[in-house]
1. Can you go through TYR236, TYR192, TYR202 and tell me which one is under 16 Å from the mean Cα position of the chain (by Cα) and modelled with pLDDT of 95 or more?
2. Are there any strands (runs of 3 or more DSSP E) wholly within segment 313-408 with 1 or more residues that are closer than 20 Å to ASP300 by Cα and touching a helix residue (DSSP H, G or I) at 6+ places or on another chain (Cβ under 6 Å), and if so which?
3. Evaluate the following for TRP423: is it modelled with pLDDT under 95, more than 30 Å from ALA299 (Cβ to Cβ) and open to solvent by 30 Å² or more (accessible area, probe 1.4 Å)?
4. With (1) modelled with pLDDT of 95 or more; (2) open to solvent by less than 80 Å² (accessible area, probe 1.4 Å); (3) at negative phi; (4) within 29 Å of the chain's Cα centre (by Cα) as the list, and LYS462 as the residue in question, which single condition is left unmet?
5. Residue pairs, Cβ under 7 Å, 6 or more apart or interchain, first in segment 220-236 and farther than 22 Å from MET458 by Cα, second open to solvent by 10 Å² or more (accessible area, probe 1.4 Å) and assigned to a helix (DSSP H, G or I). List them.
6. When you scan segment 518-525, do you find a residue that is open to solvent by 80 Å² or more (accessible area, probe 1.4 Å), in contact with a strand residue (DSSP E or B) (Cβ under 6 Å, 6 or more places away or on another chain) and either of a type outside the set (Lys, Arg) or on the phi > 0 side of the Ramachandran plot (or both), even just one?
7. Going by the conditions given, is GLY287 open to solvent by 10 Å² or more (accessible area, probe 1.4 Å), within 25 Å of VAL39 (Cβ to Cβ) and not basic (Lys, Arg)?
8. When segment 246-263 is examined, which residues are found to be among the small types (Gly, Ala, Ser) and either surrounded by fewer than 22 Cβ atoms within 10 Å (Cβ to Cβ) or on the phi > 0 side of the Ramachandran plot (or both)?
Amino acid sequence: MYRYFLIGFLLSVVCLAVSCGSDGKMQYNIVNQSYNDSVIYDDFVHVAKTGKFGLNDSSYFPIMLNYVVNFRTIDGKFVVSPAKYYEQIGVYESNTKEEIANQMNAHFELIKEMGFNTIRVCLDRYGKDGSGRFVISTEGKDYYLDESKEDILQGFSEMVEIAKNNGLHVMLLLKPPFDKQIRDFTIGILSYFSDNPAVFAYDFMNEPLYFDSVPQRDKIEAMRIVSYWKGLRDRYAPKQLFTIGFSEPIEVFEWDASIMPVDFVQIHTYHPLRVKSEIYWYAKYIGKPWMIGETALPADDDSITYDDQRKFMKEAYEYVRDCGGAGFGWWEFQECPNTHFEAQYTGLLNHEGYTETASGKRIVGTLKPAVKEIAEFSKYEPRKVERPINYFNMIGYNNIQIKGRIVDEETGIPVEGALVRGWAENWIGMNTYTDENGVFTLYCNAPAVHFEISACGMSNAKFDRELTYTNVSEQNYDLNDLPNKNLEYHKISYHPFLNDNANGVFDFDAEKFSQYKFVSDMGDIYLVKLIQ
C-alpha cells in the first residue's frame, strides 16, 4: 500500500505543458510543478493533510446529493432549470425566470433540510452540431459555447447563487476538455467561478470507463491528459478542487486513479453485492483522498422496500467512514420515471403527495424514509475496517474458480490489490482482486478465455488463454453447458445472498460466495512498475 501511495504522490506533483504539433493535435508534456495541497484559502473547501476535507479551521465532510438540471430559453435568456421530471412528470413546473428561481430555491432549501451540505450538478450536457461546433440546444435557441459563453455562464451563476444562499456547496460536473472548444469553455468556467467559495470542486470527467471516446487508452497517456487538466485548474481556479468520477476499479487498466494528479478521487458504486468490495479496494490501494460521488439503492417499496433503501444508506455511509472516506454522495434528488428500474427509483423524493419546507414552500413528492438516516450521520463513530466477505467473488458466481498469482517482474514480490478481469466467449465479464500474497481466485459461471490484469501504478497484461479445467464436484457437469452461464451481474439480486436472519442489506452469507464446480490454475503473471 505504501509503495502505491508513493507513486501516486510523485505523480501528483506534475502538470502538463500543452502545445500543438504540425498536425494541429494537442501534445502533452510533463513539466515539474509544486503540489499546492497545503495551501488553504479562507472560505474555500480544501484537502487537509489528513486526507479529509477542511473549511477554514474546521473539518468538512460533504454529504452530497446529485441534482439534475435542464437548459432552457426564457424570454431570450439562457436559464438553468430543474429537470423536467422533477415534481410534475414530463412538464415544466415553472416557465418564467422568477418561477424557475423560486422552484429551484425550494428544492435547495429542502435538500439542505434533508441534511445535505453539497450538491453535484450535471452541467456536461453539450455536444457537437453537424458542423463540428459544440452547442447547448434548448427548445427555443441553440447556444454555441464560443459565441454564447457569457450568456451560459450567467445562467450557471444564477443556479450556483441559489445554492449558495441555501448554504450548499456545489460540485460542477463538466464535459472533459479533450477538444479545444471545450477546453476554452472550461477555462471560461474556471475563471468565472474562481473566486466563488460556493463552488467546492470541478468534476472534469464522468466515468471514463464508459464515456471515454478512445478505446484502450494507454494509462500513462490518460495520466498526462489529467495532469494537463489539473494545470488548467491550477492556473485559472487554484482555490478550488479538481476531481474525476470513477465508476469501477477496472478503470485501473486505463484511467488509473492512483497515478491521476487529482485532488481527490470520486467513486461511483451501486449494486449492493459490489459496493463494499469496491469501496474497500479504492480505500486500500489508490493512496489519495476519496469520497463517494454517487451511490444508491433503487426502491419502489415493492420489489425493493423503502426500508432496504434506508438500511443501504445507513450501512454504505458507515462503511465509507470506516474505510476513511472524505465524503458521501447519493444519486439523486427525485425519482426519474420512464427509464430502467435502477435509474427510476434511486431518488429520495417520489412523485406521490406533497412535501413542505420549513418556510412553507410546497413541492410535489414525498420523502422516502432513507432521508431520516442523514440526521444520524454525524453521530457515527468509525469502527475497525472489515474486508467484505464477498470481496474476492462479489457477484457470487459459483461454477468455476480460476487461481493465479500476480508478481512484480523486477522484484519477484507478489502484488497485492491487483485487479483481475476475465471474460467468457459471450463477453460476460467477472472481476476479482489479489490478496496479500498476490494470489487471486476468479469466480466465473462460464470458462474465461479473455483476460486483462493490472495494479495501481503498474503495467497491464492483456491476453487470451484457454485453460484446462478439473471437475471437483460430486456431479458430472458439462463444462460447456453450466447453469446460469449467461447471467450478468445486472440481473443478480442481492436478496438470495443474505443470511437467513439478516438485519442489513450487506449481511451476506459467506458460504454462498465460495462455491464452484470446476477449478483451473493460471500460474504466475508478471507486471512491472510504470514509475521507478
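The values are calculated or read from the model by the stated rules, or taken from the named source; none is laboratory data. Keep in mind that what you see is a predicted model, and the values were worked out from it rather than measured. Please note: Cβ atoms are built from the backbone with ideal geometry, for glycine as well, and neighbour counts cover all protein chains shown. Just the protein is used for accessible areas: all its heavy atoms, side chains included, with ligands, DNA and RNA removed. Shrake-Rupley method; radii C 1.70, N 1.55, O 1.52, S 1.80 Å.
1. TYR202
2. Here the list reads 362-364.
3. When the stated conditions are applied, TRP423 does not pass them.
4. It fails just one condition, (2).
5. From residues that are farther than 22 Å from MET458 by Cα, the pairs are LEU232/ILE187; TYR236/ILE187; TYR236/SER191.
6. Yes: segment 518-525 contains one or more residues that are open to solvent by 80 Å² or more (accessible area, probe 1.4 Å), in contact with a strand residue (DSSP E or B) (Cβ under 6 Å, 6 or more places away or on another chain) and either of a type outside the set (Lys, Arg) or on the phi > 0 side of the Ramachandran plot (or both).
7. Criteria met by GLY287.
8. SER247
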